[in-house]
Amino acid sequence: MALALLRAQPADHKSFPLTAYLATLETDFNIKFSYIDADIEGLMVTPPATATLPEILSQLMATVPVAIERINDRYYTLTKRNTITICGRVLDNYATNRIPGATVEVLGTKQALVTDIDGYFYMNDVAPSANLRIRYLGYRTKIIPVAQMQSAKCPNILLAERRQELKEVVVYEILTKGIQRSTDGALTLNPNKLGLLPGLAEPDILFGVQALPGIKSIDETVSDINVRGGTNDQNLILWNGIKMYQSGHFFGLISAFNPYLTEEVKVYKNGTPAQFGDGVSSVILMNTKNDIDDYFFGGAGFNLISGDVFGQIPLNDRWGFQFSGRRSTTDFLDTPAYGSFTQRAFQDTEIRNQNEEMVDQGLRFEEKFFFYDFSGKLLFDFNDDHRFRLSFIGIGNDLDFSETELETAEVSRSFLDQTNLSAGLQWFGNWTSNFSTHLNVYYSKYNLKAQSFFPNQIQRLDQKNIVDERAIKFISKLKASETLEWTNGYQYTETGITNRAFLTQPPFDLNVKGVIRIQAPFSALSYTSENKHLIGTVGLRANYIENLGTFQKWLIEPRLNLNARLAPNLRTQFLAEFKSQSTNQVIDLEQNFLGIEKRRWTLSDAKALPLTQSQQASLGLNYAKNQYYIGFEGFLKKVDGVSTRTQGFQNQDQFNGEIGGYTIRGVEFLVNNKGEQYSTWLSYTYQKGDYQFDSIAPPTFAHNFDIRHSITLAGTYHFKKLKLGMSINYRTGRPFTPLQEEGVLDTSVFPAKIRYGIPNSAQLPAYFRADVSATYPFRIRRDIKGELGVSLLNVTDRNNILNRFYRTNEDNDIESVDHLSLGLTPNLSFRIRF
């Protein structure tokens, strides 16, 4: 039969006129079609591989713009339909890797969507004469007539990779999808593409950063990050080019930046580009999505701590607006996660007397705490070559805390209000194909207000720490040839800091204000050989630093980045830099229970707190072949101009303000094996740190973050849509200062003074923590996606000791205080995206 002959053809092999195919159906099924010849003239059809008449008719209506209506068992009417339903699957040009998140839009209309996790898309009411435009970052845009989509059910659409030769693109994808190591020395995270990280029910930018070798938080927070022995204030954190003086919520347990609008996070541990000053330990750059899409997208979700919403709204072809907002539920909803975080923040101590017996504090704690953050970005494209971006962000923490002594009913209360409000304007200009400029202007203000009432209700302590900063940076880039690029620029920064402490009894009033201005021209020359065997950048930054009424100083900071191919799949990289910073966080009142009150931003004055300067060099090897990546890097870092007030000492040197430095030397090792459904990795860091303080005996002793051995074993596995992750983290205990063996308390002075042994000569027990997490995405509707996530931190509920110090009580007895880690902490999240 004719129908049999038609069906014998492969579905994607040959199409036939619809009129001929209808005649075949009339003969084979003894039916009649009634239609107007002009309605179906020129329409083509590929015979479906189905056997029954209802299936054939359904397939026809899905692939051809006609509507078929059954009148009775024999007669059918066929009318022209102005729109059709289409579907397809977007793959790479090898037809092997799906491309989720690709933009599919109907040109000339507002119809647009993104492909699902498997690369599929479905669209209703599409005009057969329309054209589809399919785009995805890193691939060439493709235009397809809708008419071509009718010849097969959900055809594969192949996108060709976009290869740019402007810069060397030698990158290594490590650990999980969305984390890369590039030749410029940066570690890059793409939160929107980021795969599962063990311990996270949903993405967290600053938690994700700590998955990288050499980056950890000794006190187990996501926003108090230690990079190669540096303190958190030695990290320069920029959000859309704006310096952030606050990066976390809940005393650092949660990072304050929305990951769903963040397009890229870059981390430089060494070899920092010359355009960046400040941050002697690292630079962390966060940039939100910078392109205007012609469709709305967004999402919302909640977990056991907070709820959030985000989105981007296209106002027209040249204007767009991004927004995000989050607020905690901690002030009206008690959950297991909140309980664990609260215990870690306020009640995380074990107190023992000199006989190592547990001391009952006899205290009751009550707290009312909430946090919030919001951000926005207005995008304006003046034309294709000149773009303007206006960004703003707000971060806040609010706490009301009371401590009641059960025996006497005496109450101590503390109030805390901590905010960071910032705004910035960026202009990106492309003047020619070889010359571009970038202007960045911002204003940032950090404000900490704290108030404490002591048990007698007469004593009151007020504290304020205010940072007021404004800056302008101009950068130009010239592509001098196919192998050379020249970057030049200038940055001006003015930072004012106020510190106020007021005590009612005994009367005490301290109010210190200061302003530092920095002018910094910089230049860098980048070279990439034609065969990409040698890639290098040499940079120089000159800082003129002026503290009004105190000092003026020039600092010259060279930067170097060399990357060379040694053999197929093997490259070596040498990085070196000189850096400086003029703002630090001093740490006072170590025995106050509010940890955030201990840290106050202050300015260098060249006397009590000099400029902090660092020199660092590292040499590494990177090998990647098939499913394996192996990275090895040795480093040496020296930092001068360090005060004991900025390092968090809790011994005889914590209030003296001695000036010295420290040296960190070590190696970082990472091996990673990845398959289609799994990724496993083992990272190891050896690090030896020593302080050098000439006025302390002995002058050389172990660094506060001298963690000799740190090991992480982790893995993720995908089973269909279910993603599972687990990690095991081990590190040797941090150093602490023990008591003297004899005569540990000096009662000849008031208050009595504790006599300590050699600084940091003892070591806490080893740290061990296992975390697990799982996520499961699903589709609620065709254009709405959902995701469930669950995580368990510290699965074994191990009581890790994070820190230990000593204090005296009212009876002049010495007590040992241990700060403990998070216990078993469950979290659950639910999200939707549209």
Can you tell me how many residues in the range 742-781 are among the small types (Gly, Ala, Ser), at pLDDT 85 or above and open to solvent by 40 Å² or more (accessible area, probe 1.4 Å)?
1
Restricting to the range 462-480, name every residue that is over 14 Å from residue 517 (Cβ atoms), open to solvent by 40 Å² or more (accessible area, probe 1.4 Å), under 27 Å from the mean Cα position of the chain (by Cα) and of a type in the set (A, V, I, L, M).
466
Of residues in the range 503-520 being of a type outside the set (A, V, I, L, M) and crowded, with 16+ Cβ neighbours inside 10 Å, the one nearest to residue 474 (Cα to Cα):
517
It is to be established whether one or more residues within the range 716-727 are among the β-branched types (Val, Ile, Thr) and part of a strand (DSSP E or B).
yes
Out of (1) modelled with pLDDT of 90 or more; (2) farther than 18 Å from residue 645 by Cα, the one residue 703 does not meet is (2)
Counted residues, the range 215-225 - those being open to solvent by less than 10 Å² (accessible area, probe 1.4 Å) and modelled with pLDDT of 85 or more
3
Can you pull out every residue in the range 481-490 that is in contact with a Phe, Trp or Tyr (Cβ under 7 Å, 6 or more places away or on another chain) and either without any contact (Cβ under 8 Å) to a residue 40 or more places away in the chain or open to solvent by less than 50 Å² (accessible area, probe 1.4 Å) (or both)?
483, 489, 490
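Here is a yes/no grid of residues against (1) part of a loop (DSSP other than H, G, I, E, B); (2) more than 17 Å from residue 139 (Cα to Cα); (3) open to solvent by less than 30 Å² (accessible area, probe 1.4 Å); (4) modelled with pLDDT of 85 or more:
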{"residue": "73", "(1), (2), (3), (4)": "yes, yes, no, no"}
{"residue": "77", "(1), (2), (3), (4)": "no, yes, no, yes"}
{"residue": "85", "(1), (2), (3), (4)": "no, yes, no, no"}
{"residue": "89", "(1), (2), (3), (4)": "no, no, no, yes"}
{"residue": "94", "(1), (2), (3), (4)": "yes, no, no, no"}
{"residue": "109", "(1), (2), (3), (4)": "yes, yes, no, no"}
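Residue-wise test of (1) part of a strand (DSSP E or B); (2) open to solvent by 70 Å² or more (accessible area, probe 1.4 Å); (3) closer than 26 Å to residue 605 by Cβ; (4) at pLDDT 90 or above.
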position: 630; (1), (2), (3), (4): yes, no, no, yes
position: 641; (1), (2), (3), (4): yes, no, yes, yes
position: 645; (1), (2), (3), (4): no, yes, yes, no
position: 657; (1), (2), (3), (4): no, no, yes, no
position: 676; (1), (2), (3), (4): no, yes, no, no
Provide a single number: the residues in the range 731-741 that are within 14 Å of residue 218 (Cβ to Cβ) and either open to solvent by less than 10 Å² (accessible area, probe 1.4 Å) or not in a loop (DSSP other than H, G, I, E, B) (or both).
4
Selection from the range 263-300 of residues open to solvent by 10 Å² or more (accessible area, probe 1.4 Å) and over 30 Å from residue 234 (Cα atoms) yields 291, 292, 293, 294, 295, 296, 297, 300
Would you confirm, using the coordinates I've provided, whether residue 664 is outside any strand (DSSP E or B) and open to solvent by less than 20 Å² (accessible area, probe 1.4 Å)?
no
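Residues that are closer than 23 Å to residue 602 by Cβ: which strands (runs of 3 or more DSSP E) entirely in the range 203-317 hold 3 or more of them?
Result: 235-239, 282-288.
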If the requirement is being at pLDDT 90 or above and either assigned to a loop (DSSP other than H, G, I, E, B) or more than 28 Å from residue 307 (Cα to Cα) (or both), which of these qualifies: 426, 354, 361?
426
Among the listed residues 373, 417, 381, identify the single one that is modelled with pLDDT of 85 or more, open to solvent by 40 Å² or more (accessible area, probe 1.4 Å) and either at positive phi or of a type in the set (Asp, Glu) (or both).
417
Where the second residue is outside any strand (DSSP E or B) and open to solvent by 70 Å² or more (accessible area, probe 1.4 Å) and the first is under 30 Å from residue 720 (Cβ atoms) and lies in the range 662-685, which pairs have Cβ atoms under 9 Å and are six or more apart or on separate chains?
672/627; 673/627; 674/177; 674/627; 675/627; 679/177
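The values are calculated or read from the model by the stated rules, or taken from the named source; none is laboratory data. Nothing here was measured: the structure is a model prediction, and the numbers come from that model. A quick note on method: Cβ atoms are made from the backbone with ideal geometry, for glycine too, and the neighbour counts reach across all protein chains shown. All accessible areas refer to the heavy atoms of the entire protein, side chains included, with ligands and DNA or RNA removed. Shrake-Rupley method; radii C 1.70, N 1.55, O 1.52, S 1.80 Å.
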